[in-house]
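What follows is a single structure, written as structure tokens, with notes after it.
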């Protein structure tokens with residue numbers, strides 16, 4: 001007689017429904033349970049925010065734990081995305097702060113240019129007034145010399 005070997009496959013909840021459907025179609029009168037296979041690693045504990053209810057079967061407990069662990073892992077990934085967003089937000093705040101400082105520098109530079117423009121405006125008008133004054137004095141002196149020359153006998 002040939003020895004029958006049984007292969008123990010890891011539990012996969014996603015294929016459970018298909019496997020049950022196939023067994024029902026085949027019409028097997030008896031589904032034979034697998035022998036207990038010890039886990040190589042202990043399952044991580046369920047998160048602290050859930051507790052098992054009384055009168056829940058072992059399969060129900062294991063299924064619920066498996067699902068809540070998947071949700072917990074997803075929640076941790078979502079929180080990790082939150083950290084990325086927080087880093088982006090901090091960079092935006094730094095950029096905003098830097099931009100505010102730059103805006104202050106821009107306003108100060110514009111004010112300095114306006115003041116320099118005003119100073120140059122005043123300087124040019126002063127030079128123009130001084131030039132007009134010198135020109136009037138020169139014309140008056142020239143007219144005085146011309147009048148003096150005309151009055152002097154030859």
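The values are calculated or read from the model by the stated rules, or taken from the named source; none is laboratory data. What you are looking at is a predicted structure, and each value in this text was computed from that prediction instead of being measured.
Points worth noting:
- Listed conditions (1) under 30 Å from residue 42 (Cα atoms); (2) at pLDDT 95 or above are all met by residue 107, apart from (1).
Per-residue answers, yes or no, for (1) under 42 Å from the mean Cα position of the chain (by Cα); (2) over 30 Å from residue 17 (Cα atoms):
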| residue | (1), (2) |
| --- | --- |
| 42 | yes, no |
| 47 | yes, no |
| 50 | yes, no |
| 57 | no, no |
| 89 | yes, yes |
| 141 | no, yes |
| 150 | no, yes |
